[in-house]
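The values are calculated or read from the model by the stated rules, or taken from the named source; none is laboratory data. Quantities reported herein were computed from a predicted structural model and do not represent experimental measurements. Ideal geometry is used to build each Cβ from the backbone, glycine not excepted, and the neighbour counts take in all protein chains shown.
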Amino acid sequence: GMGSKLIGSGSAVPKLQISNDDMAKIVETSDEWISVRTGIRNRRVLTGNENLNGLAVEAAKGALRMAEVEAENVDLVIFWSSTPDDLFGGASRIQGDLGCKSALAFDITAACSGFVVGLITATRFIKGGGYKNVLVIGADALSRFVDWTDRGTCILFGDAAGAVLVQACSEDEDGLLGFDLNSDGSGQRHLNAFVSDAEHEAISNTNGAPLFPPKRSTYSCIKMNGNEVFRFGWRCVPQTIQASLDDAGLSSSNIDWLLLHQANQRIIDAVSTRLEIPSEKVISNLANYGNTSAASIPLALDEAVRNGKVKAGDTIATAGFGAGLTWGSAIVKW
Ligand code: ACO
């Protein structure tokens, strides 16, 4: 059998930074409320001629450089985003811009669980044979769909991209020690950005007789019941990490780093307390970037690798959770 290991990471954020004080000029809120309730202080927002593809490509280049893998040796590009530049998906454009000429590229969507689902998907392709270097990239610009009059959501989100390179290795070097993935579609009502169908004037036949009114659709802003999503994270994240630890035959004391989807510092603190993981082993950078959805885990991982926190051989417990609802976790070696 084949194993897979993480050998490179990269990330990118837009230039414009919006502080909590800036947010207080947009909606009725304060730096204190946002900091205390969420841990967030700043977020980045796409502006001008920036787009999501640009961020994703920059993040992917960082991962390729760190991994010392040439673009033409990538076999598969997996991209996840809820907010791609193109409704048909973002993966192929990224593949083209990077010059990953021999790679298949496709999109998956699992909201804030995208990193875990994408990583596990990459390892399944590697295990199946024929795929050696897999680039997995998550990027989101939730700012595109934020209701800037809703203080319950607009303060939370930021835009970013993050990537990792997963490479085939022998089974005894396998860096994926355990995982657990879940969905519960009955919770979709708590967090969504639904398509909104507008009925248009009927299309007529050549004689001018009306045939049918086509749909012309847009997407509504993000709607969230914060309390329900908070409770869901608080309940499900410790469960999924425990399931991954059991799958790996490990206990939380074997973990060097806890790296959760960066949604709310209070969720991160509650989970680390429940799992008895000390705060010095907890990776957190949402103070600077807010909740960057698909990008948050690889963005925080890349920062922790580049600043020397996460070292080769370290064991990381990572978990994503969010819209769907979806949640999942993995125990991986860096
Ligand atoms: N500034 C000031 N006051 C606010 C703000 C704000 N930005 N937002 C809400 N309030 C008010 C509310 O109106 C409410 O006032 P009231 O008591 O007079 O009615 C009060 O603060 C308390 O509101 P709650 O919603 O109960 O506040 P809570 O402590 O639950 O914090 C928050 C809200 C931060 C949204 C929290 O619920 C949360 O973080 N939930 C998780 C969200 C999350 O992680 N979502 C993303 C999942 S990932 C994905 O897939 C995108």
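Out of the residues in the range 10-42 that are among the small types (Gly, Ala, Ser) and surrounded by fewer than 19 Cβ atoms within 10 Å (Cβ to Cβ), which is farthest from the ligand (Cβ to nearest atom)? Before the answer, list the steps.
Kept after step one, since they are among the small types (Gly, Ala, Ser), are these residues of the range 10-42: 10-12, 19, 24, 30, 35, 39.
Then drop every residue that is not surrounded by fewer than 19 Cβ atoms within 10 Å (Cβ to Cβ), which leaves 19, 24, 30, 35.
On the way: SER19: 14, ALA24: 8, SER30: 7, SER35: 11 Å.
Looking at residues that are among the small types (Gly, Ala, Ser) and surrounded by fewer than 19 Cβ atoms within 10 Å (Cβ to Cβ), I get SER19.
Scan ILE94, ILE7, ILE78 and give me the residue that is more than 16 Å from the ligand (Cβ to nearest atom), more than 24 Å from ASN192 (Cα to Cα) and surrounded by 21 or more Cβ atoms within 10 Å (Cβ to Cβ). Give the steps one after another, and end with the answer.
On the way: ILE7 fails: surrounded by 21 or more Cβ atoms within 10 Å (Cβ to Cβ); ILE78 fails: more than 24 Å from ASN192 (Cα to Cα).
Just a single option satisfies the conditions, and that option is ILE94.
Could you tell me which of the residues VAL164, VAL146, VAL134 is within 15 Å of the chain's Cα centre (by Cα) and of a type outside the set (Gly, Ala, Ser)? Let's see the steps before the verdict.
Numbers: VAL146 fails: within 15 Å of the chain's Cα centre (by Cα); VAL134 fails: within 15 Å of the chain's Cα centre (by Cα).
So the residue among VAL164, VAL146, VAL134 that is within 15 Å of the chain's Cα centre (by Cα) and of a type outside the set (Gly, Ala, Ser) is VAL164.
Evaluate the following for ASN288: is it within 16 Å of the ligand (Cβ to nearest atom) and within 25 Å of LEU156 (Cα to Cα)? First the steps, then the outcome.
Values: within 16 Å of the ligand (Cβ to nearest atom): no; within 25 Å of LEU156 (Cα to Cα): yes.
So ASN288 fails the test.
Examine the range 285-298 for a residue that is of a type outside the set (Val, Ile, Thr) and farther than 22 Å from VAL146 by Cβ, and state whether such a residue exists.
Quick first cut of the range 285-298, residues of a type outside the set (Val, Ile, Thr) only: 285-291, 293-296, 298.
Adding the requirement that they be farther than 22 Å from VAL146 by Cβ leaves none.
For the range 285-298, residues of a type outside the set (Val, Ile, Thr) and farther than 22 Å from VAL146 by Cβ: absent.
So which of PHE125, PHE157 ends up being without any contact (Cβ under 8 Å) to a residue 60 or more places away in the chain and on the phi < 0 side of the Ramachandran plot? Step through it out loud before you land on a result.
Details: PHE157 fails: without any contact (Cβ under 8 Å) to a residue 60 or more places away in the chain.
Of PHE125, PHE157, the one residue that is without any contact (Cβ under 8 Å) to a residue 60 or more places away in the chain and on the phi < 0 side of the Ramachandran plot is PHE125.
Considering (1) touching a residue at least 12 places away in the same chain (Cβ under 8 Å); (2) away from the ligand (no atom under 16 Å from the Cβ); (3) within 20 Å of the chain's Cα centre (by Cα); (4) surrounded by fewer than 20 Cβ atoms within 10 Å (Cβ to Cβ), say which one SER252 fails and leave the rest.
(3)
Scan ASP180, ASP197, ASP159 and give me the residue that is within 15 Å of the chain's Cα centre (by Cα) and of a type in the set (D, E, K, R). Quick ask: steps written out before the conclusion?
Details: ASP180 fails: within 15 Å of the chain's Cα centre (by Cα); ASP197 fails: within 15 Å of the chain's Cα centre (by Cα).
Going through ASP180, ASP197, ASP159 in turn, just one is within 15 Å of the chain's Cα centre (by Cα) and of a type in the set (D, E, K, R): ASP159.
Sort through ALA122, ALA141, ALA103 and tell me the only one that's at pLDDT 95 or above and within 16 Å of the ligand (Cβ to nearest atom). Before you say what the answer is, go through the steps one by one.
Details: ALA122 fails: within 16 Å of the ligand (Cβ to nearest atom); ALA103 fails: within 16 Å of the ligand (Cβ to nearest atom).
Unique residue meeting the criteria: ALA141.
For the range 187-242: of the residues being within 16 Å of the ligand (Cβ to nearest atom) and among the charged types (D, E, K, R), which is surrounded by the most Cβ atoms within 10 Å (Cβ to Cβ)? Talk me through it step by step, then tell me what you get.
We begin by selecting, within the range 187-242, every residue within 16 Å of the ligand (Cβ to nearest atom); these are 187-194, 219-238, 240.
Narrowing the set further to residues that are among the charged types (D, E, K, R) leaves 189, 223, 228, 231, 235.
On the way: ARG189: 11, LYS223: 16, GLU228: 14, ARG231: 13, ARG235: 13.
Once the filter is applied, the top-ranked residue is LYS223.
Residue check: is TRP327 more than 19 Å from GLY39 (Cβ to Cβ), within 16 Å of the ligand (Cβ to nearest atom), at pLDDT 95 or above and among the aromatic types (Phe, Trp, Tyr)? Please lay out each step first, then the result.
Details: more than 19 Å from GLY39 (Cβ to Cβ): yes; within 16 Å of the ligand (Cβ to nearest atom): yes; at pLDDT 95 or above: yes; among the aromatic types (Phe, Trp, Tyr): yes.
Yes; evaluated as a whole, the condition is true for this residue.
List the strands (runs of 3 or more DSSP E) that sit entirely inside the range 1-109 and contain at least 2 residues that are within 20 Å of LEU119 (Cβ to Cβ) and of a type in the set (A, V, I, L, M). Walk me through it before giving the result.
Details: elements: 2-12, 16-19, 42-45, 76-80, 104-108.
The qualifying strands (runs of 3 or more DSSP E) are 2-12, 76-80, 104-108.
Go over the candidates LYS333, LYS309 one by one and state the one that is away from the ligand (no atom under 16 Å from the Cβ) and over 22 Å from THR121 (Cα atoms). Break it down into steps so the answer makes sense when it comes.
On the way: LYS333 fails: over 22 Å from THR121 (Cα atoms).
Only one candidate qualifies: LYS309.
Checking ASP269 against (1) in contact (Cβ under 8 Å) with a residue 24 or more places away in the chain; (2) within 27 Å of ASP31 (Cα to Cα); (3) within 16 Å of the ligand (Cβ to nearest atom), which single condition isn't satisfied?
(1)
Would you check if there is a residue in the range 150-169 being acidic (Asp, Glu), within 12 Å of the ligand (Cβ to nearest atom) and surrounded by fewer than 18 Cβ atoms within 10 Å (Cβ to Cβ)? If you could, list the steps in order and put the result at the bottom.
Step one: filter the range 150-169 for residues acidic (Asp, Glu), giving 150, 159.
If we keep only those that are within 12 Å of the ligand (Cβ to nearest atom) as well, we get 150.
Remaining after also requiring surrounded by fewer than 18 Cβ atoms within 10 Å (Cβ to Cβ): 150.
Scanning the range 150-169 turns up at least one residue that is acidic (Asp, Glu), within 12 Å of the ligand (Cβ to nearest atom) and surrounded by fewer than 18 Cβ atoms within 10 Å (Cβ to Cβ).
Taking into account only those residues within the range 106-119 that are hydrophobic (A, V, I, L, M, F, W, C) and out of contact with any helix residue (DSSP H, G or I) (no Cβ under 8 Å at 6 or more places or on another chain), which is farthest from the ligand (Cβ to nearest atom)?
LEU119
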